[in-house]
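Asks: If you scroll down you'll find the structure; I have some questions about it.
The values are calculated or read from the model by the stated rules, or taken from the named source; none is laboratory data. Just so it is clear, the model here is predicted, and its values are computed rather than measured. Note that each Cβ is placed from the backbone with ideal geometry, even for glycine, and that neighbours are counted across all protein chains shown. Note: areas computed on protein heavy atoms with side chains; ligands, DNA, RNA excluded. Shrake-Rupley method; radii C 1.70, N 1.55, O 1.52, S 1.80 Å.
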Amino acid sequence: MAMSGAAELLVPAQGQATEPRSVTVLGCTGSVGCNTIDMIERDPGAYRVEALTAHGNVDLLIEQARRLKPRLAVTGKEENFAKLKAGLAGTGIEVAAGRAAVIEAAERPAQWVMASIVGAAGLEPTLAAVRRGAMIGLANKETLVCAGALMMKEVAQSGSIMLPVDSEHSAIFQVFDFERREAIEKIILTASGGPFRTKTVAEMAEMTPAQAVAHPNWSMGAKISVDSASMMNKGLELIEAYHLFGLPENQIEILVHPQSVIHSMVAYRDGSVLAQLGTPDMRTPIAYALGWPKRIDAPSARLDFAKISQFTFEAPDPERFPALRLARESLKAGGRAPTILNAANEIAVAAFLDNGLRFTDIAAVVEAVLGRLPAGVLSSIADVLETDAAAREAAREEVAARRRNAA
Ligand SMILES: NC(=O)c1ccc[n+]([C@@H]2O[C@H](COP(=O)([O-])OP(=O)(O)OC[C@H]3O[C@@H](n4cnc5c(N)ncnc54)[C@H](OP(=O)(O)O)[C@@H]3O)[C@@H](O)[C@H]2O)c1
């Protein structure tokens, strides 16, 4: 990613009036989506909303569309079309429904697109925005996990700009010297350790969905909260960082930092370590991406260093958190392995949230599916979608087998 040329084009000369930035929010009803809408509404004159897309939460989509007046509002669920149409009747806002409509929304000409759909469902819409060269606020890490090399190739071809929204990757992006990457020794990806950081495996086996989603520092959607509890989230972020920053896997270290203030670091060959710090509020990394290359105001609480009593760090424990090992092994195996890891994890997490799988069986299901399907080579997006479907099917079988054994 060479940033300087693009930045010159995007930063207006002093005194020059700026046109509102046209934006689309994919996954507008989720945790990241709502925080993005909050940021847009704080400075409405700075943005023109092209499209908003949601999935099941039509009521919230209608509310948001009535306030932000996008040109297009889309629900991913076809059965919600009539409700959406009725809810926006008389507003002049175009409405559409279904998976293809979400992809078409991403194709519409917004300069900036927030990719905040959860899971591999975000792959095709994000890709559609990448292919037309949009700036992407990338929250949807699963997109890079399941199709990273193919996606980054498309980014290079289209001239699209990937602006990471994951707080860790936003931190790295801010301190990573893209012009002198040979000076970089390693990336240090920090992790809170999640709500089960100090639990034993036996204790974790008894944890409920409500306990797993109660993250100590961050308020997030259910899937990523469970991923944080299992530390699969950090595994997915390892793979995301590998694709975004192009460093070998053994130059990306994971470090537990329970306070979630240092969002990540880059260590240089001369011994310097550069970090980005902030309170745990997603509106800071969202603001960084939304305003890029300018810095814009965000309402996040400010750090008060005099009140921070301590920063602590510890090495992650791959014995208690096997998802970390599985993610690193998948990255090393390459090919289809990360796609399989991601899809199996999505099914296992959904089963856990549905009270149909023990917490500790999430990683067991992922490991079993990785053992069943060959890593091979990932050659195309069609291949990603096929691999994703096969891994989901295998994961459903593994979940069903564990349910039968538990009954
Ligand atoms: N939450 C955070 O603080 C955070 C931080 C860093 C990274 N991320 C990443 O950002 C992404 C979103 O996370 P989140 O916590 O915001 O998730 P979330 O609260 O569950 O929201 C997910 C969004 O995606 C939509 N959606 C779900 N399934 C869909 C489908 N099949 N097709 C189209 N849209 C679909 C949902 O629509 P409905 O609600 O209308 O059903 C919702 O708008 C994830 O990849 C996560 O890893 C999140």
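Asks: Looking at segment 24-47, can you tell me whether even one residue there is modelled with pLDDT of 95 or more, over 21 Å from P285 (Cα atoms) and away from the ligand (no atom under 16 Å from the Cβ)?
Replies: Within segment 24-47, none of the residues are modelled with pLDDT of 95 or more, over 21 Å from P285 (Cα atoms) and away from the ligand (no atom under 16 Å from the Cβ).
Asks: Let me ask another. In segment 365-386, which residues are part of a helix (DSSP H, G or I) and either modelled with pLDDT under 95 or of a type outside the set (G, A, S) (or both)?
Replies: V365, V366, E367, V369, L370, R372, I381, D383, V384, L385, E386
Asks: I'd like to check something: does segment 285-295 contain any residue that is in contact with a helix residue (DSSP H, G or I) (Cβ under 8 Å, 6 or more places away or on another chain), at negative phi and open to solvent by 50 Å² or more (accessible area, probe 1.4 Å)?
Replies: yes
Asks: What is the residue count in segment 75-103 for residues that are more than 12 Å from the ligand (Cβ to nearest atom), surrounded by fewer than 17 Cβ atoms within 10 Å (Cβ to Cβ) and under 22 Å from A129 (Cβ atoms)?
Replies: Of the residues in that region, 1 qualify.
Asks: Moving on to the next point. Checking the structure you have, find out if any residue of segment 104-117 is modelled with pLDDT of 95 or more, touching a Pro at 6+ places or on another chain (Cβ under 9 Å), in a strand (DSSP E or B) and within 13 Å of the ligand (Cβ to nearest atom).
Replies: yes
Asks: If we scan segment 250-260, do we find a residue that is within 25 Å of R181 (Cα to Cα) and open to solvent by 60 Å² or more (accessible area, probe 1.4 Å)?
Replies: Yes, segment 250-260 has at least one match.
Asks: Can S264 be described as touching a residue at least 60 places away in the same chain (Cβ under 8 Å) and either buried (at least 22 other Cβ atoms within 10 Å of the Cβ) or within 24 Å of M152 (Cβ to Cβ) (or both)?
Replies: Here the answer is yes, as S264 does meet what is asked.
Asks: Also, I was wondering about something else. What number of residues in segment 376-401 are under 16 Å from A351 (Cα atoms) and among the acidic types (D, E)?
Replies: The number of residues fulfilling the criteria is 3.
Asks: What is the residue count in segment 328-377 for residues that are closer than 17 Å to R404 by Cα and small (G, A, S)?
Replies: 5
Asks: Which condition number in (1) under 21 Å from the mean Cα position of the chain (by Cα); (2) over 26 Å from T284 (Cβ atoms); (3) more than 16 Å from the ligand (Cβ to nearest atom) is the one that P209 fails?
Replies: (3)
Asks: A further question follows. Regarding segment 274-284, can at least one residue be identified that is buried (at least 17 other Cβ atoms within 10 Å of the Cβ) and more than 20 Å from the chain's Cα centre (by Cα)?
Replies: Within segment 274-284, one or more residues are buried (at least 17 other Cβ atoms within 10 Å of the Cβ) and more than 20 Å from the chain's Cα centre (by Cα).
Asks: If you take the residues of segment 168-192 that are hydroxyl-bearing (S, T, Y) and surrounded by 23 or more Cβ atoms within 10 Å (Cβ to Cβ), which of them is nearest to the ligand (Cβ to nearest atom)?
Replies: The extreme case among them is S170.
Asks: Let me ask another. Do you know which residues across segment 285-314 are in a loop (DSSP other than H, G, I, E, B), hydrophobic (A, V, I, L, M, F, W, C) and under 22 Å from the mean Cα position of the chain (by Cα)?
Replies: Within segment 285-314, W292, I296, A298 meet the criteria.
Asks: Could you identify the single residue in A315, A344, A298, A350 that is surrounded by 12 or more Cβ atoms within 10 Å (Cβ to Cβ) and over 25 Å from T36 (Cβ atoms)?
Replies: The unique qualifying residue is A344.
Asks: While we're looking at this one, here's another question. Just to be sure before I move on: is L150 within 13 Å of the ligand (Cβ to nearest atom) and assigned to a helix (DSSP H, G or I) in the structure I sent?
Replies: Spelling it out, it is not the case that L150 is within 13 Å of the ligand (Cβ to nearest atom) and assigned to a helix (DSSP H, G or I).
Listed here are the residues, each with its yes/no results for (1) farther than 20 Å from Y242 by Cβ; (2) of a type in the set (G, A, S).
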residue	(1), (2)
L331	no, no
A337	no, yes
V365	yes, no
P374	yes, no
A382	yes, yes
N405	yes, no
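Asks: Just need a number here: residues in segment 37-53 that are open to solvent by 10 Å² or more (accessible area, probe 1.4 Å) and either under 13 Å from A96 (Cα atoms) or assigned to a helix (DSSP H, G or I) (or both).
Replies: 5
Asks: Mind checking which residues of segment 274-314 are among the aromatic types (F, W, Y) and within 16 Å of the ligand (Cβ to nearest atom)?
Replies: Matches in segment 274-314: Y288 only.
Asks: Next up: Being surrounded by fewer than 18 Cβ atoms within 10 Å (Cβ to Cβ) and at pLDDT 95 or above: is that true of E240 here?
Replies: no
Asks: Can you name the residue in segment 220-260 that is out of contact with any Gly (no Cβ under 7 Å at 6 or more places or on another chain) and in a loop (DSSP other than H, G, I, E, B) and, of all such residues, is nearest to the ligand (Cβ to nearest atom)?
Replies: If we take residues in segment 220-260 being out of contact with any Gly (no Cβ under 7 Å at 6 or more places or on another chain) and in a loop (DSSP other than H, G, I, E, B), then M220 is nearest to the ligand (Cβ to nearest atom).
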